[in-house]
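Scroll down for the structure; my scribbles are underneath it.
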Ligand code: BMP
């Protein structure tokens, strides 16, 4: 799956009082050629009528993007496998799970299953809210090691704490891992576009800054050009 050169992943968390399916399809329709992918989670799923609509949304995203299901899974391996199965059948291809659940009979089972299906695992090693610095950041190295040992395609680390992104990048390099860093926290949570890439992330996950704008496409274009400038500095 190509990611079209962009480093932007749009978080499709709908606002109140919209027809969720239509809202989603409109944003996808106006941004599709310009982004690396989309992320859906419980805020959308809780308001969708049927899995048929989710399938329609996955199809609208097209064939060559990251179609991320963000349930932040944190269960035993077998149950995580049975959770992701229907989403794979609907066409989604990337799944987010917590690294803190550990490897054996946890992330390893999920990872093996996803690999067998040609899908990707992204493991959460830190989060963008303040509270995570008291918990996850205290075991950051362990969490990154678990993510790497599970063969994760990527890890989530917070744009709101660039120091953590830099540290995750350093640990990944030390472990000779090519896992990508996906960073949420841009815009509504305060981190400026480009700042996570600057700190060593590969993708920036952006929700409300794009989806609450009257011109989502224009905002994505703006972020893409900021990213271009950041990346050209590091070439
Ligand atoms: P927004 O740009 O509107 O703040 O949205 C951020 C998105 O990234 C949300 O979908 C949220 O669930 C997700 N996210 C986050 O904000 N922080 C994390 O640490 C992990 C996330 O997945």
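Note that the stretch 104-160, at 25 °C in a medium of 0.890 mPa s, gets a Stokes-Einstein diffusion coefficient of 207 µm²/s from its Kirkwood radius over C-alpha pairs.
Compactness ratio for the stretch 136-209: Cα radius of gyration over 2.2 N^0.38 Å (N = residue count) comes to 1.04.
Using all pairs of distinct alpha-carbon atoms, the Kirkwood hydrodynamic radius of the stretch 146-185 works out to 10.1 angstrom. Across the chain, the relative contact order, built from alpha-carbon pairs under 8 Å that are at least six residues apart, equals 19 percent.
Convex hull over the alpha-carbon atoms of the stretch 1-121: what's its volume per residue in Å³? Please report the intermediate quantities before stating the final value.
On the way: hull volume 12.4 nm³, N = 121.
So the per-residue hull volume is 102 Å³.
Here the simple spin-label model places points 7 Å from the Cα toward Cβ, and for residue 47 and residue 103 these points are separated by 4.1 nm. With the cut-off at under 19 Å, measuring from each backbone N in the stretch 114-128 to a point 7 Å along the Cα-to-Cβ line of residue 178 picks out 114-123.
Pairwise Cα separations in the stretch 1-62 fall into 10 Å bins from 0 onward with the following percentages, short to long: 22, 57, 20, 1.
Size of the stretch 98-235 from its Cα atoms: along the principal axes, largest to smallest, the extents are 45, 34, 31 Å. In the stretch 1-106, Cα pairs under 8 Å separated by at least six residues give a relative contact order of 28 percent. Each peptide among 16-24, 156-164 gets the average number of other Cβ atoms lying within 10 Å of its residues, and from highest to lowest they stand as 156-164, 16-24.
Using only Cα atoms, what Kirkwood radius does the chain have, in angstroms?
Working: mean 1/r = 0.0564 Å⁻¹.
Evaluated over the chain, this radius sits at 17.7 Å.
Counting pairs of Cα atoms in the stretch 85-124, how many percent are more than 15 Å apart? Value for the stretch 85-124: 34 percent of Cα pairs lie more than 15 Å apart.
In the chain, the DSSP-assigned H stretches of four residues or longer account for a calculated mean residue ellipticity at 222 nm of -12500 deg cm²/dmol, using -39500 (n - 2.57) per stretch and the full residue count as denominator. When the Cα convex hull of the stretch 65-164 is projected onto planes of every orientation, the mean area is 6.1 nm².
Laboratory data are not the source of any read-out in this text; all were calculated from the coordinates shown. None of the values given here were measured: they were computed from a predicted structure. Cβ sites come from the backbone with ideal geometry, for glycine too, and all protein chains shown count toward neighbours.
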